[in-house]
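The values are calculated or read from the model by the stated rules, or taken from the named source; none is laboratory data. This is a predicted model, so every value here is computed, not measured. Neighbour counts run over all protein chains shown; Cβ positions are idealised from the backbone, glycine included. Side chains included, ligands, DNA and RNA excluded: accessible areas come from the protein's heavy atoms. Shrake-Rupley method; radii C 1.70, N 1.55, O 1.52, S 1.80 Å.
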There are 2 protein chains.
Amino acid sequence: MPGLEDSLRRPVRGMRDLTPEYYYALKRVEEALSKLAESFGYRRVETPAVEHFEVLAKKAGRDIVNEIYYFRDKAGRELGLRFDMTVPVARVLSYKLDEPKPVRWFYFTKVWRYDEPQHGRYREFYQFGVELVGSASPRADAEVLVLMAKAIEAVGIGDYVIRINDRRVADKALASLGIKPSEEVYRVLDKRGKVSEEELSSMLMGLGIDREKASELLSLISGAVPYAEAPEVISKYDEELAERHRAVVKALEAFGVLSRMAWDPSIVRGLDYYTGIVFEAFAGQYRLAVGGGGRYDDLIELYSGIKTPALGFAIGVERLMEAAGIEKAERPLDYYIYPVSSEAYGVAVEVAEALRAKGASAVVDLGEWGLREALERAAKTGVRHFVIIGKKELEKGVVKIRDMAKREEVEVELSRIKAGL
Amino acid sequence: MPGLEDSLRRPVRGMRDLTPEYYYALKRVEEALSKLAESFGYRRVETPAVEHFEVLAKKAGRDIVNEIYYFRDKAGRELGLRFDMTVPVARVLSYKLDEPKPVRWFYFTKVWRYDEPQHGRYREFYQFGVELVGSASPRADAEVLVLMAKAIEAVGIGDYVIRINDRRVADKALASLGIKPSEEVYRVLDKRGKVSEEELSSMLMGLGIDREKASELLSLISGAVPYAEAPEVISKYDEELAERHRAVVKALEAFGVLSRMAWDPSIVRGLDYYTGIVFEAFAGQYRLAVGGGGRYDDLIELYSGIKTPALGFAIGVERLMEAAGIEKAERPLDYYIYPVSSEAYGVAVEVAEALRAKGASAVVDLGEWGLREALERAAKTGVRHFVIIGKKELEKGVVKIRDMAKREEVEVELSRIKAGL
């Protein structure tokens, strides 16, 4: 039989199979990030992969709507695969109106975007993120920034920077140049670093901004400073906002992550719904963009009808793992148990069960290979211990345990193993 | 603003939002089942939710093809959401041809079926299952049966039965009545228990089997016996098959789960691809059908082109949880830390970080509520300890910790908390 044609054997373009060595690397990250979020009082949520298309489209900017996997079910419902978790969380809170505020939720789950696949960018990928819903406090801004910083540190990355801006400050900066703030302008500014300054200029001119203003604007957003100095910069535009950022600076200092934060007026985020602080994280030697977030005080209302301040961030897990150099995690088998005769099978099962009860992983040979072949295969697949139960061993009431790395064998009394020693 | 219309606030029909209390109940089950599978040397895999439709359709029986969520991506690819994990595993093994055999893989993940939603049956649901690929041994059959039994026990269910049959035995039993075994006949027999005997009869007659034969067939498949007695029953049809089941019986006995197994000739499974042992598990007081499986020695070849014996099972996780009576898991917050003044905020952060380092969950108040309101809210949401850091406490170098259940307060020295004591 010929089997599948080659192209169908591979996962759908832009998606990945996680065989165990890749799965366990991901799981290690999942565990580290979950533990972190839970220690801050966040609780994990999960929602369906499938949402009503209308629910997804309500928040997605124009670029993202085009990336939604869209379909109809047999009843004709217009559906789509979720492209992030902020939308489902907003939807859930729109009917769980009595959930005590502030809500602290996190997620670690798959999302889907029909984007051009690139190195480290997939059409199905994992996002880790938090949503802090129901607080307008600057301490809330700081808490979310701290969690993002600690999430990056939790996977072993010491070298990173979180670049921060504030949409209200950006609005005022634009206004100071006589430019009306709009989603279009921000979407152009968000392309900074991805396209040349010349292209940026002409895109801004395409929005009716003259060449001189465009150039002033680009120079205005090019000056990054340590975040500790942000309040001073901001106070040129608005003293109240400067005061707010002073509180965030103070909180970040208390958590010991202030030095990792920069004030960067070029960080604007492409989407319309941000209303306050916005930020993006760049991690590792190559400063990979691993995620971003911000405050969106009007978004929840779109879904629930009730004005609710909120902010959050999302990290692309595969990107974070790339920045951390985490790719595979091996999990060798602890014991391979070989009963030489069929009489020894029952004893092999007892030994296996005793080892499993102690937390070890153990396989009992299925009786299709000779001893030599079983040993060779065990050596190839990285088994730690090979246990032989033959006639001699049965008579003596022992098992022979071979340490595959050290190539040493010891005899251990059966009674000791069964007693869990 | 009105927000979403009501119907859009809820998840898509047949799907569920897992808010934290439901998510953590599921996670407890995930952890218990993963630990079990790993102790048997199985390794977890994950594959994309989205597969080429052609790959899915290759294995799905007629009923299941109709339940696939189907769509095209923007490049015109015909895609679908996976309806089980046996197909993706077979696909992965079709290009990972050098994976050492036998392959022991397990999964705990979402699958999708456009089925009529019922109590405990969802259109998006979780499956836990194992695939043991590359062994034709009766010990392999036993290993998979043992894992299914222990999976049910691992969630706290002591009362269950696994009903076993063998397609080769069923083929011979049909032949002994002069009935040609076919997928159509098995699909009818699989409806036993779901429709009346009268309906079964007329469905069989619709396949050209006369009334008398249909009645004989139904009586033939109605006699369940303890699985220990199966070899005797089977030897009436085929001594070699009886010998094989003797080996399975012996292995199940060694694992101590033989008494939970029944030989039930009515268990045939609806799908064409089973080639040997087939089984279904019924758990809890109401004997809920929680999953099934069997041997499919020809399936892998459909994908890889290489004949490879294999078997596995899948359990519906939501059904298993229903049988076990597991619904919610509360995770109260350990510490809510309230700095009375803004000077105390830095100390509150230090206390929180020390508690988190010890593995506790801790929230620092965001500064939007008075002490009384914060305390009331903490009481309502089930916080374990409320920590007050006021002016007096700062001066004395202590914090006040209120045990919310016992309504008792103690003062603890700051230095002790910071030292992690």
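Quick rundown of the values:
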| item | result |
| --- | --- |
| Top of B:Ala224, B:Ala348, B:Ala251 by mean-square fluctuation, Gaussian network on chain B, Cα under 10 Å | B:Ala348 |
| Dipole axis of chain B (+1 Lys, Arg; -1 Asp, Glu on Cβ), positive-most option in B:Gly3, B:Leu33, B:Val103 | B:Gly3 |
| Given charges at beta-carbon only (K, R positive; D, E negative), |dipole| of the stretch B:335-418 in Debye | 280 debye |
| Estimated distance in nm for a label pair at B:Lys380 and B:Glu54, the labels positioned 7 Å out from Cα along Cα-to-Cβ | 5.8 nm |
| Shape call, the stretch A:335-418: gyration tensor on alpha carbons, a/c limit 1.5 | rounded |
| The protein assembly as shown: C-alpha gyration tensor shape, a/c 1.5 cut-off, then a/b vs b/c | prolate |
| Interface size B-A, as summed buried accessible area [1.4 Å probe, Å², nearest 100] | 9000 Å² |
| Sequence-distant residues sharing a close amide H with A:Leu288 (under 5 Å, placed H) | A:Ala283 |
| A:Arg121-B:Arg77 pseudo-label distance in nm [points 7 Å out on the Cα-to-Cβ vector] | 1.6 nm |
| Cα-centred dipole magnitude for the stretch B:72-131, charges only on beta-carbon of K, R (+1) and D, E (-1), debye, nearest 20 | 120 debye |
| Size-normalised alpha-carbon gyration radius of chain A, reference 2.2 N^0.38 Å | 1.28 |
| Net charge over other residues, Cβ less than 10 angstrom from the Cβ of A:Arg139 (K, R count +1; D, E count -1) | -3 |
| Sum of side-chain charges, A:Ser215 neighbourhood, beta-carbon under 12 Å (Lys, Arg +1; Asp, Glu -1) | -3 |
| Among A:Leu97, A:Leu366, A:Leu204: highest mean-square fluctuation, GNM of chain A, C-alpha pairs under 10 Å | A:Leu366 |
| Cβ-based charge dipole, the stretch A:307-421, positive-most Cα from A:Pro339, A:Gly359, A:Val317 | A:Val317 |
| Label geometry 7 Å along the beta-carbon vector: A:Arg13 inter-copy distances in nm | 3.4 |
| Cα-Cα P(r), the stretch A:86-217, percent of pairs per 10 Å interval | 9, 25, 32, 28, 6, 0 |
| Given charges at Cβ of Lys, Arg, Asp, Glu: the stretch A:20-117 dipole, positive-most of A:Pro20, A:Asn66, A:Phe53 | A:Phe53 |
| Complex-versus-alone comparison for the stretch B:4-31, residues with a loss of 50 Å² or more in accessible area, probe 1.4 Å | B:Leu4, B:Leu8, B:Arg9, B:Arg10, B:Val12, B:Asp17, B:Thr19, B:Pro20, B:Tyr23, B:Tyr24 |
| Hz values of 3J(HN,Hα) by residue in the stretch A:20-29 - Karplus curve (6.51, -1.76, 1.60), Gly and Pro given as x | x, 4, 7, 4, 6, 5, 4, 5, 4, 5 |
| Nonlocal amide H pairs with A:Trp263, under 5 Å, H built at 1.01 Å | A:Ile164, A:Val225, A:Tyr227 |
| Set of aspartates and glutamates with alpha-carbon distance to B:Lys58 below 17 Å, sequence-local pairs under 8 removed | A:Glu5, A:Asp6, B:Glu67, B:Glu78, B:Asp84, B:Glu183, B:Asp272, B:Asp297, B:Asp298, B:Glu301 |
| GNM flexibility winner over chain A from A:Glu31, A:Glu395, A:Glu327 (Cα, springs under 10 Å) | A:Glu395 |
| FRET efficiency for A:Glu184 and B:Glu327, using Cβ-Cβ distance with R0 set to 56 Å, rounded to 0.05 | 0.70 |
| Charge tally in the Cβ shell below 9 Å around B:Lys307, where Lys, Arg are +1 and Asp, Glu are -1, B:Lys307 excluded | -3 |
| Length released on extending from B:Ser342 to B:Ala289, taking residue separation times 0.36 nm less the Cα-Cα span | 13.3 nm |
| Over 21 Å (Cα to Cα) - which of A:Lys101/B:Lys400; A:Lys150/A:Lys307; B:Lys35/B:Lys150; B:Lys358/B:Lys391; B:Lys35/B:Lys110 fall in this group | A:Lys101/B:Lys400; A:Lys150/A:Lys307; B:Lys358/B:Lys391 |
| Per-residue average of Cβ from other chains inside 10 Å of A:64-72 | 3 |
| Rounded to 5, percent antiparallel among DSSP beta bridges of the stretch A:335-418 | 55 percent |
| Positions from the stretch A:254-280 whose accessible area shrinks by 30 Å² or more when the full protein complex is built, not the chain alone, probe 1.4 Å | A:Ala254, A:Phe255 |
| Karplus (6.51, -1.76, 1.60) ³J(HN,Hα), θ = phi - 60°, over the stretch A:122-135, in Hz, Gly and Pro reported as x | 10, 7, 10, 8, 9, 10, 10, x, 10, 10, 10, 10, x, 9 |
| Residues of type lysines that A:Lys213 reaches as a straight line, Cα spacing below 22 Å, ignoring anything fewer than 8 places off in the same chain | A:Lys172, A:Lys180, A:Lys191, A:Lys194, A:Lys236 |
| Global geometry of the stretch B:1-114, whether rounded, prolate or oblate, following the gyration tensor of its Cα atoms and the 1.5 cut on a/c | oblate |
| Helix B:345-357 axis, angle to chain B major axis (alpha carbon atoms, nearest 10°) | 30 degrees |
| Accessible surface, per residue, of the stretch A:1-159 when the full set of protein chains is kept, probe 1.4 Å, Å² | 33 Å² |
| Copy-to-copy label separations for A:Glu54, where each label sits 7 Å from Cα toward Cβ, in nm and ascending | 3.7 |
| Within the stretch A:6-324: Cβ-based charge dipole about Cα centre, in debye rounded to nearest 20 (Lys, Arg +1; Asp, Glu -1) | 740 debye |
| Label-point separation in nm, A:Glu243 to B:Arg28, each point 7 Å along Cα→Cβ | 4.8 nm |
